[in-house]
1. Note down the net charge around A:Lys229, summing +1 for each Lys or Arg and -1 for each Asp or Glu among other residues with Cβ under 15 Å from its Cβ.
2. Once you have the Cα-Cα distance between A:Ser148 and A:Lys133, take 0.36 nm times their residue separation minus that, and quote the gain in nm to one decimal.
3. In debye, nearest 20, what is the charge dipole magnitude of chain B about its Cα centre with +1 on Lys and Arg Cβ and -1 on Asp and Glu Cβ, if you could check?
4. Need the full-extension length gain, A:Ala77 to A:Glu141, defined as separation in residues times 0.36 nm minus the C-alpha distance. One decimal, nm.
5. What ³J(HN,Hα) values, in whole Hz, does the Karplus curve 6.51 cos²θ - 1.76 cosθ + 1.60 give for the stretch B:31-44 when θ = phi - 60°, with x put for Gly and Pro?
6. Output ³J(HN,Hα) for the stretch A:140-155: one whole-Hz value per residue in order, computed from phi by the Karplus curve 6.51 cos²θ - 1.76 cosθ + 1.60 with θ = phi - 60°, and x for Gly and Pro.
7. What is the helix-to-structure angle for B:100-113, meaning the angle in degrees between its Cα long axis and the longest Cα principal axis of chain B, kept from 0 to 90 and rounded to the nearest 10?
8. List nothing, just return the count: lysine pairs in chain B, 8 or more apart or interchain, with Cα separation under 18 Å.
Amino acid sequence: MSSKDHINDFAGGGVSRRTFLKGCALAAAALGLSPDVVPKMVEAAMSPKRPPVVWLHFQECTGCSEALLRAARPDIATLILDLISLDYHETLMAAAGKQAEENLHDAITKNAGKFICVVEGGIPTKDGGIYCKIGGRTAVEILDEVASKAKTVIAIGTCGAFGGVQAAKPNPTGAVGVQDLVKGKPVINIPGCPPNPENFLATVVQILTYGRPPELDELSRPKFAYGRKIHDHCERRPHFDEGRFVERFGDPGHKKGYCLYKVGCKGPVTYSNCSVERFCNIGAWPVGAGHGCIGCTEPHFWDTMMPIYKHLPGIYIPVGGGIREQAEEIGKVAVGGAAAVIAAHAAVGIGKKLFSIKCTSKEKEEEK
Amino acid sequence: MIRREPRLYYRVFVWSGTLRLFHWTLAFSTFILILTGIYIHYPPITTKWAEFKPQYIMATLRYWHFCAGYFFLCALAVRFYLFFAGNQYERPMDFLPINRRNLRSLRHNIRFYLYLTDEHECRMGHTVLAGTIYFILFICGVVMGLTGLYLLYPEAPTIARLGHELFGTPQQARLIHYLLNWFFIFFIMVHLYIAIWNDFKAPDAIISGAFSGSKMMPADLECPVEELKKIPFEK
């Protein structure tokens, strides 16, 4: 069967040929590849040997799956019916209980060394990992077994990548990301809360087409999606350069679409393509809607990017029972303290001098 | 009051031209960095929602901040070079509290600044207290430079990797960068005060020395460097 016929066959299956090609072209564009590879991508995406995917859920809110369900380039039907073979996904599969466990077992034994393991959610490690159990087994055990047989591991969402909200201090369950447990295997992080599904899909298509993961940064995030800061492509950047800032939510500057830097936008320190890819295929994204970036693609953002509406985090001072203070206040206190000390020091010097003059004049009088 | 001071002073050359160049480059660049940095951290309202004319103020001040930052880094590089290639007063062995002579000097400095003694130690180079603080400032400057480069070039692979290893995310680097800024403000206040205070209390004219490179040494003092004492002033 020629490639063209194949496409037409494919088009009969619910997705129009045009939509499918568009999806492939968009995936190529997202990856920064030349249009020449689109046919190759189409070929790879339509190959009868769809790569099996096992999707694991641990400590998570299913937000990443929810985001994926709303993807449209390509949509979820195209993804799971035509691009990949989704063999195990607790939220989407029909099977339950013993059947589901069998499915997982079959999927990883039949496709050992060939399947892609996607992990959504953090993995608790404290107290033997008892804080997350599925089918009587801990998350650590399940991940060990599945990841050891996988070809590639993709951690989707900030929880899977870095531990997420449950890893925030004091991290009661000892939650960690996948890369802290899985060694000797390529782990690709697609962080975000939730991540943009298109970044995930583009990564999968890249693996399908070339058989290897895209170029990664030092946190194992694909560079095509997490290579630049949000700030650099932000639509409000001209207002930043002009010095026009929203002072508080709802003020005239906010209504005019000024920069959200002073109300705590973390765009200048967050790597992601949100300002370019946007969400939900309608060009919507948080900063566009008037709310600052919260830095959700960065590791431990629950600890380091807080407070959401402040430029810099508070600092823990280990006195007075431990108080949190703004960096600014600390600076002001330090400088004020220095000024007070300088004044006191100068006063002591002058006082001492005046005193010694008095003494010497007294002595002179006595001598007379 | 009659102040009994040595009658005769020798003017001795201590600070090389390179060191003075370093000092003033660092001073002016730090001044600009602090002013522009505070604007960048917390830009005050300058527009009043009216947008009369393009100002480009944040972009301009950021540009100045980066230019001054490069001067700052160059100054640090020069000082680092002088740690090894400078004259004997510019090397760390002379002013860090690492031997008995310097520890004794440090103790004396602290007593002098606490008004516990009026006896001024006439010393050719930095006093040990000052030298130690300057060395800490140098380290802080290096951290400032590295966090600054990390924030300026977050996409350059080497800098990004180094920054990530040393400081974590750019947000954490930003916090360190901001907190050390207060240390520099603190240092400038104390440094200026102490320099002026010393000019009142001590005869060696250190403010003038920051320009001329020389110090006034009492002629009847048992100078640690006999040879220099004999040469009144020579560059």
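Read the figures in this text as sums done on the coordinates, not as results from a lab. All values derive from a computational prediction rather than experimental measurement. Because the Cβ atoms are built from the backbone with ideal geometry, glycine has one as well, and the counts that use them run over all protein chains shown.
1. Taking every Cβ under 15 Å from that of A:Lys229, the sum is 0.
2. Values: separation 15, 0.36 × 15 = 5.40 nm, distance 1.88 nm.
Separation in residues times 0.36 nm, less the Cα-Cα distance, equals 3.5 nm.
3. Working: 23 positive and 16 negative charges, 28 e Å.
For chain B, the charge dipole is close to 140 debye.
4. Result: 20.0 nm gained on full extension.
5. Along the stretch B:31-44, the couplings run 4, 5, 4, 5, 5, 5, x, 5, 4, 4, 5, 9, x, x Hz.
6. 4, 5, 4, 4, 4, 5, 6, 5, 5, 9, 7, 7, 9, 10, 10, 9
7. Long axis of B:100-113 versus the principal axis of chain B: about 80 degrees.
8. Values: B:Lys201/B:Lys215; B:Lys215/B:Lys229; B:Lys215/B:Lys230; B:Lys215/B:Lys235.
For chain B, qualifying lysine pairs total 4.
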